[in-house]
Amino acid sequence: MIRFNDLKPGDIVLAEYEGEKTRGTVKELNREDKEVCVETPVQEYWYTPEHLYPIPLNDEQLTYLGFTKMENGNGVKYMKDSFRLQIPVKNDFSNMEIWWREDRRHLTQPISVHELQNHFYQMTKVELNP
């Protein structure tokens, strides 16, 4: 489950409908009823936060989001335009540093795709989409 207040339009999440989870994009938030409109390949539908799940951030997801990967002596660096994400140990996303210009952040726990999207937007003022 994802907290309602952590979601923003454009976030990529897993939406559960009749027991099946599908990747989708948040289109709209209804703050009054605490419902989230998510567009999946099948349809747009309103979900409650109990039916929305985070997608863990990993190499596959970063590639999906358009990052390029460069392995170096200090782990792996992922790049998208001038935004950077560095993990010290390959495939270990529990400790990472992200930066854009002078804004640097050190994250010490795994995050999900929508959380990276929100960091990216806070730092660059541009949405992170595939």
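The values are calculated or read from the model by the stated rules, or taken from the named source; none is laboratory data. Predicted model only: the values in this text are computed from it and were never measured. Backbone-built Cβ (ideal geometry, glycine too); neighbour counts: all protein chains shown.
Remarks
- Each residue in the stretch 82-107 was checked for being within 16 Å of the chain's Cα centre (by Cα) and among the hydroxyl-bearing types (Ser, Thr, Tyr), and 1 of them qualify.
- For the stretch 9-28, the set of residues classified as surrounded by fewer than 16 Cβ atoms within 10 Å (Cβ to Cβ) and touching a Cys at 6+ places or on another chain (Cβ under 8 Å) consists of Lys27, Glu28, listed by residue number.
- Glu115 vs. criteria under 15 Å from Gly10 (Cα atoms), part of a loop (DSSP other than H, G, I, E, B) and charged (D, E, K, R): no
- Residue identified as out of contact with any Ser or Thr (no Cβ under 9 Å at 6 or more places or on another chain), among the polar types (S, T, N, Q) and more than 30 Å from Tyr17 (Cα to Cα) among Thr108, Thr68, Thr48, Thr63: Thr68
- Considering only residues in the stretch 1-38 that are modelled with pLDDT of 95 or more and small (Gly, Ala, Ser), the one that is nearest to His51 (Cα to Cα) turns out to be Ala15.
- Any chance Glu97 is in contact with a His (Cβ under 6 Å, 6 or more places away or on another chain), surrounded by fewer than 18 Cβ atoms within 10 Å (Cβ to Cβ), touching a residue at least 12 places away in the same chain (Cβ under 8 Å) and not assigned by TED's automatic domain parsing to the domain that holds Thr25: yes
- Per-region count, the stretch 37-51, residues free of Cβ contacts under 8 Å to residues at least 24 places away in the same chain, more than 18 Å from the chain's Cα centre (by Cα) and part of a strand (DSSP E or B): 2
- Considering residues of the stretch 63-83 that are touching a residue at least 24 places away in the same chain (Cβ under 8 Å) and surrounded by 14 or more Cβ atoms within 10 Å (Cβ to Cβ) only, the residue nearest to Thr108 (Cα to Cα): Phe83
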